[in-house]
Structure formats: structure tokens, C-alpha cells
Amino acid sequence: MARYTGPTTKIARKFGEPIYGPDKVLQKKNYAPGQHGPSKRRGKKSVYGSQLLEKQKAKFTYGVLEKQFANLFKEAYRRPGITGEILLQLLEQRLDNVVFRMGIAPTRRAARQLITHKHITLNDEVVNIPSALVKPGDIIAVREKSKSLEVISSSLNTNTANKYSWLEFDKSEMAGKFLNIPERTEIPENIKEQLIVELYSK
């Protein structure tokens, strides 16, 4: 499975946001990486540059590579409604994102690993495809023999259950339900999706 495996703090510093979760280094060095990071004077960013940066931020935030992201945009464009909002909703419906949102894994990267190692079930079936799209009513759970995994129990102990209105999760059962597709106002990610739409519309 193709995925980004490079440094995460460096990418987070590039955007100036903790897109991979809390980061102690980012808190200390909240400026671009490189020896001239703190003092480098950057020229005014072009419209294209802003659009490209926003697309990259969305890709890195959700852990999606270029081809996957382009395919999701095509699907969002094909569906009736506001393309940018639908794109973010499709990203939120990815199984790895749902596992992360439920608190089963501390990061989306960890969620992908749990899924590919067959620790997660979708409607009582073992699924090893992180990009699988979850639909309203679907049940996501930790496989019975995987419930004792330290990474899962540790994540559940530090995460608040039912933090998101479109998800329902039972910590004791380590299982939850995807209730509905979230509205844009409910999605917490700081992404200007309209810039992404404008980039692909050129």
C-alpha cells in the first residue's frame, strides 16, 4: 500500500499547524523548516501557490496520496452539491479517518496500520483497506482478538468518546457507529476547500 512515510514534524512546520496531532517540536519551532526558517522573508504568495499549498495540506492531513486525492475530487465533482464540502465529507468517510476520529488510534497513520494489519472490522467483516468509504449506519469495531493491543487501549484512555456528533462509540465494547455524513461546519480541519476546487478547475 502506497503511503507517505517521510518526516511529519517537518511537514507540520511547513504549514505552521499540527496537522499530525500535538507536536512538541512544532510548539517550540512554529516556523518553516530549514536554516533560514525563522528569518527568511518570503515574497507574496501567488493565487496558484495558495491553492497548491491548501491541496497539499489536505493531502497530508488525511494521509492521501496525489492519485487517490484526484480520484476523490472527481467523485466529489460528479456528485450534486458543493464540490469542496463533498470532498471533505468523502475524506471524513475514509475508514482510517473514522477509526482515528473514534479514538481507536492516536493518529490517522496509526489507524491505517491497524486496518492493514486486520485489527479492525466493518459490519463484522475484517477489512484491510484504509481507503474504504464508510456509510451511515455502518458499524466499526476492534477485532475481538485485538482488543488487548496496547496501542488501542492507550489511545482509548487518552481520547474522549463521542467527541464528534456524527459518530457513536462504546469504549467498553470497542465498537461504534457512523451515524451520518458530517456537515462542513462540524468538520474541525482548518482547510479552505474552495481553493482546492479552484486549483482543479483550471
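Side notes on the structure shown:
- Restricting Thr83, Thr121 to residues that are touching a residue at least 12 places away in the same chain (Cβ under 8 Å), of a type in the set (S, T, N, Q) and not assigned by TED's automatic domain parsing to the domain that holds Tyr164 narrows the list to Thr83.
- Leu156 fulfils the conditions (1) modelled with pLDDT under 95; (2) over 16 Å from the mean Cα position of the chain (by Cα); (3) closer than 30 Å to Lys74 by Cβ except for a single criterion, (3).
- Of all residues in region 68-110 being among the hydrophobic types (A, V, I, L, M, F, W, C) and touching a strand residue (DSSP E or B) at 6+ places or on another chain (Cβ under 8 Å), the one that is surrounded by the fewest Cβ atoms within 10 Å (Cβ to Cβ): Leu90
- Test: residue in region 135-145 that is crowded, with 22+ Cβ neighbours inside 10 Å, farther than 30 Å from Ser201 by Cα, among the basic types (Lys, Arg) and touching a residue at least 24 places away in the same chain (Cβ under 8 Å): no
- Some residue of region 163-172 being in the same structural domain as Asn123 (by TED's automatic domain parsing), crowded, with 17+ Cβ neighbours inside 10 Å, part of a strand (DSSP E or B) and within 17 Å of the chain's Cα centre (by Cα): yes
- Matching residues, region 120-130, being closer than 12 Å to Asp96 by Cα and either crowded, with 18+ Cβ neighbours inside 10 Å or of a type in the set (Val, Ile, Thr) (or both): Ile120, Thr121, Leu122, Val127, Ile129, Pro130
The values are calculated or read from the model by the stated rules, or taken from the named source; none is laboratory data. Nothing here was measured: the structure is a model prediction, and the numbers come from that model. FYI the Cβ positions are ideal-geometry reconstructions off the backbone, even for glycines, and counts take in every protein chain you see.
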